[in-house]
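Have a look at the structure below before the remarks.
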Amino acid sequence: MKIRCIIIDNEPLAAEVVQTHLNEFSNMELVGIFNNPIEALRTVENDNIDAVFLDINMPKMNGLEFIRSIGSKTNFIVTTAYREYAVESFDLDVLDYLVKPIPFVRFLKSINKLSQKVLSEVKDDQLKDIKEKSYIFLKVSKKLIKVKFEDILYIESFKDYIKVFTTIDDYLVHKSLTGITEELPKDQFLRIHRSFTIALDKIKEVEGNTVQINTKRIPIGRKYLNHAKSIILDDIE
């Protein structure tokens with residue numbers, strides 16, 4: 001995944017230093033370099049920019065004014081020769097504050113912080129999408145069948161196929177258990193055996209190293225035992 005960024009600095013040499021540092025990171029994509037915030041405004045608002053490396057003392061609009069005008073649309077890393085704006089900058093929730101000249105080791109810390117934040121935001125968005133979705137399409141023979149998550153009881157693996165057992169019908173699908181489990185909401189479904197993934201809210205009882213769903217007694221694999229029981233028992237509580 002590429003992290004899209006821009007540089008805003010009216011000092012060409014300072015912008016070149018940031019660009020040279022960015023070139024050392026394969027996950028960073030420099031979209032553009034701008035002399036002042038006004039020129040960069042449209043790019044930040046329309047081009048899905050993940051980070052802005054921003055000087056403070058610039059003509060027309062200074063860096064702090066620009067941050068206030070943009071708000072939380074992106075991550076800001078301040079690059080300035082002045083230390084006295086640090087408190088005000090962090091009050092505006094900037095990701096980091098770099099004082100020129102910027103050593104590469106210090107710049108590396110900013111990139112690590114930025115990478116972790118962007119990755120976290122992506123994961124949060126993916127989790128949100130999964131939670132908002134209430135169904136999955138299963139390819140059965142030549143048809144795509146819509147199955148609601150709330151109807152799924154458990155899924156059993158049969159070599160190259162899986163069988164999805166629901167309150168309505170059972171569906172044989174050419175898919176791996178790992179693949180289908182990754183598509184299901186993690187707070188609703190749990191893999192408890194190399195051959196079984198279950199719906200947590202459909203568990204009737206736990207006995208020994210097994211769970212019962214409807215009339216089916218499903219084993220909990222040794223590899224999954226500790227984690228599965230902690231999740232299941234917490235869910236039941």
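The values are calculated or read from the model by the stated rules, or taken from the named source; none is laboratory data. Remember, predicted model here, so these are calculated numbers, not experimental data. Glycine gets a Cβ as well: all are built from the backbone with ideal geometry, and neighbour counts include every protein chain shown. The protein model used for the area step is the full one, side chains on, heavy atoms only, and it has no ligands, DNA or RNA in it. Shrake-Rupley method; radii C 1.70, N 1.55, O 1.52, S 1.80 Å.
Taking the Cα centre of the chain as origin and charging only Cβ (+1 Lys, Arg; -1 Asp, Glu), how large is the dipole, in debye to the nearest 20?
On the way: 34 positive and 36 negative charges, 270 e Å.
The calculated dipole for the chain is roughly 1300 debye.
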So which trypsin sites (Lys or Arg not before Pro) in the range 163-193 pass both tests, a DSSP loop state and at most 15 other Cβ atoms within 10 Å of the Cβ? Lys186
Span per principal axis, largest first, for the Cα atoms of the range 65-192 (Å): 67, 30, 27
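If you place +1 on the Cβ of every Lys and Arg and -1 on the Cβ of every Asp and Glu, how big does the dipole about the Cα centre of the range 8-65 come out, in debye to the nearest 20? Write out the running numbers ahead of the final one.
Details: 2 positive and 11 negative charges, 26 e Å.
About 120 debye.
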Quick calc of log₁₀ I(q)/I(0), the range 43-117, Debye, one scatterer on every Cα, no solvent, q values 0.14, 0.15, 0.18, 0.25 1/Å, result -0.42, -0.48, -0.70, -1.30
How do Val118, Val17, Val99 rank by accessible surface area computed with a 1.4 Å probe, from largest to smallest? Val17, Val99, Val118
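What Kirkwood radius, in Å to one decimal, follows from the Cα pairs of the range 151-237? Before the final figure, lay out each step's value.
Working: mean 1/r = 0.0776 Å⁻¹.
Computed over the range 151-237, the radius equals 12.9 Å.
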Have a look at Leu95, Leu64, Leu13 and tell me which one the Gaussian network model of the chain (Cα, springs below 10 Å) gives the largest fluctuation. Leu13
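Percent relative contact order of the range 13-169, based on C-alpha pairs within less than 8 angstrom and at least six residues apart? Walk me through the intermediate numbers first.
Working: 151 pairs, mean separation 19.4, N = 157.
Once divided by the residue count of the range 13-169, the mean separation gives 12 percent.
Assign unit charges at the C-beta atoms only (+1 for Lys and Arg, -1 for Asp and Glu), then state the dipole size of the range 168-237 relative to its Cα centre in Debye, rounded to the nearest 20. If you can, show how the numbers build up before the last one.
Details: 11 positive and 11 negative charges, 87 e Å.
It works out to roughly 420 debye.
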List the pair-distance distribution P(r) of the chain, using every Cα-Cα distance, as the percent of pairs falling in each 10 Å bin from 0 up to the bin containing the longest distance, rounded to whole percents. 7, 25, 20, 11, 17, 15, 4, 0
GNM on the chain, Cα springs under 10 Å; top mean-square fluctuation among Glu45, Glu207, Glu183 goes to Glu207
